[in-house]
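First up is the structure itself, then whatever we jot down about it.
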There are 2 protein chains.
Amino acid sequence: MKKKKKNENSSKIFEYHDHGACFGDAITQIEDYFIQKKLQLTPLRRKVFEILIEDHKPLGAYDILDKLGEAGFSSSPPIAYRVLGFLIEHGFVHKVQGLNAFIACSNPKHSHFPTFVICRKCEKVAEVSEEKSGLNLPSPRITNFKIEKTTIELTGICSTCENAEIR
Amino acid sequence: MKKKKKNENSSKIFEYHDHGACFGDAITQIEDYFIQKKLQLTPLRRKVFEILIEDHKPLGAYDILDKLGEAGFSSSPPIAYRVLGFLIEHGFVHKVQGLNAFIACSNPKHSHFPTFVICRKCEKVAEVSEEKSGLNLPSPRITNFKIEKTTIELTGICSTCENAEIR
DNA sequence: CGTTGGTATGTTATGTTATAACATGTAATG
DNA sequence: CATTACATGTTATAACATAACATACCAACG
Ligand SMILES: [Zn+2]
Ligand SMILES: [Zn+2]
Ligand SMILES: [Zn+2]
Ligand SMILES: [Zn+2]
C-alpha cells in the first residue's frame, strides 16, 4: 500500500482552490448558459457576477452596490437586488441567509440543493454539494410536501480557527 | 396482515395537533426548565413565549412588539430582540431565517438541529425533528469542521395547496 | 444599613437590509 | 411607427435589527 502524504485525503472544506481557473470557468459557464437560454448577459449583470466571483466570498447587497458605484453603474438598492434575484433564479448566485449576503455559486452545473458551511470566526464560507456534505436530502418529497428550495447552512468553527482558540 | 385505514400512516407534516395540550405542555416545560436552571421566567419573557406558542406560527419581531404593547409592556425593538435572543439561547424559540420570523420550539426537550418545512402558499411552518425529516446531519463533524448550529429550511408547497393550484 | 455587582428592562437614536412604485431607455415584432 | 418585452434608473419608504446609555430591582457583603 502506498504511503499517503499527511492530510492528502482530508478533503478539507476550506482548502485552497485555483481561483484563477475558477473565475475563468465561471465566466465561461455563465456566458454559455445565457447564450443557450437566450438571456441577456448585460454589462450590469456581468459586473455583479464578476464582483461576486472575484473574491469568492459572501458580500452584502450594499457592498455590491458600492462596487457597482465605483465601476460607474447606478448604485441604488433596487439595482443590486434585481440583478441578484435574477442571478439567483438562474442558479449562479446563492443567498447565505445567516449572513444576509450573496455568494457566487461554486458549481452552477449541478442542479443542486447546496449546503453552506460557515466558520463563525474566520467567516469563510464553503458551498458543499449535496453528495459531499454527508447531508442527505429526503426524497424530493417529504410526506405530502414538495420541496422547491432548500436553505441548509451549517455554522460552526473550522479546524484552523479551533486550533487557534485559547481555552 | 391487518388492513390500514387510508392515510393512517401518512405522518402528514402539517396535520392537526391538539394545541390546547401543546400550549399547556410548553408552558410547563419552560417553567420547569427555568426553575431547574435558576433562570428568571419574568412576566415579559413569559408573555413573549406565550405570544409565540399561542398561535404556534412564525411571527416577526415587530408583530410580537405590537402584541407586547397591547398587553401593556414596552414595545421598543430592543425589548423583543433581547427576549427572543434569550429564549433562542435556551432552545424555546427558533428563528426562521427565510421569513425573518420567530417560532416557538415544538419540542424543546430534544436537543436538536431542527428542520423547518415551509409552505410558500399557505405559509404554514412545521418543525421536524432530525430523525423524522429524513434529513441526516453528518456526524457532528464534517471533515475539519465542528458544527455548532444549523439552519435547515425546506420551502415548497404542501399537498393541500398543491391540489388547490390551477394548472 | 449602604454599597456593590448582577440581571432585567426601558428609551433614544441609528444602522442595515429590502421593496414598492413609477419613470426612462432600448430593441425586436408585426 | 405602434406595440410589446425587457432592462435599468430613481425616489421614497418599509422592514428588520442593534448600539449605547439610563433606570430599576434584588441579593450578598462588610
Ligand atoms: Zn473561486
Ligand atoms: Zn451553488
Ligand atoms: Zn401547537
Ligand atoms: Zn425546536
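The values are calculated or read from the model by the stated rules, or taken from the named source; none is laboratory data. If you're wondering where the values come from, they're calculated on a predicted model, not measured in any experiment. Here Cβ is always computed from backbone atoms with ideal geometry, including for glycine, and neighbour counts include all displayed protein chains. These area figures cover heavy atoms from the full protein model, side chains too; ligands, DNA and RNA do not enter into them. Shrake-Rupley method; radii C 1.70, N 1.55, O 1.52, S 1.80 Å.
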Please determine whether any residue of region A:105-120 is touching a helix residue (DSSP H, G or I) at 6+ places or on another chain (Cβ under 9 Å), part of a loop (DSSP other than H, G, I, E, B), within 14 Å of another protein chain (Cβ to nearest Cβ) and within 16 Å of ligand 1 (Cβ to nearest atom).
yes
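Only one residue in A:TYR33, A:TYR81 is within 16 Å of DNA strand D (Cβ to nearest atom), closer than 20 Å to B:GLN97 by Cα and either more than 15 Å from the chain's Cα centre (by Cα) or open to solvent by less than 30 Å² (accessible area, probe 1.4 Å) (or both), so which one is that?
A:TYR81
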Candidate set from region A:61-100 (those that are within 14 Å of chain B (Cβ to nearest Cβ) and within 16 Å of ligand 1 (Cβ to nearest atom)); member that is farthest from A:ILE51 (Cα to Cα):
A:VAL96
Looking only at region B:138-146, decide whether some residue is more than 9 Å from chain A (Cβ to nearest Cβ) and modelled with pLDDT under 95.
yes
Residues (in a helix (DSSP H, G or I) and within 16 Å of ligand 3 (Cβ to nearest atom)) located in region B:49-86:
B:PHE49, B:GLU50, B:ILE51, B:LEU52, B:ILE53, B:GLU54, B:ASP55
What pairs can you find where one residue is in region B:10-29 and closer than 17 Å to B:PRO108 by Cβ, the other is surrounded by 15 or more Cβ atoms within 10 Å (Cβ to Cβ), and their Cβ atoms are less than 6 Å apart, with a gap of 6+ or different chains?
B:PHE23/B:ILE53; B:ALA26/B:ILE53; B:GLN29/B:PRO108
All but one of (1) modelled with pLDDT of 90 or more; (2) touching a Pro at 6+ places or on another chain (Cβ under 9 Å); (3) more than 9 Å from chain A (Cβ to nearest Cβ) hold for B:GLU123; which doesn't?
(1)
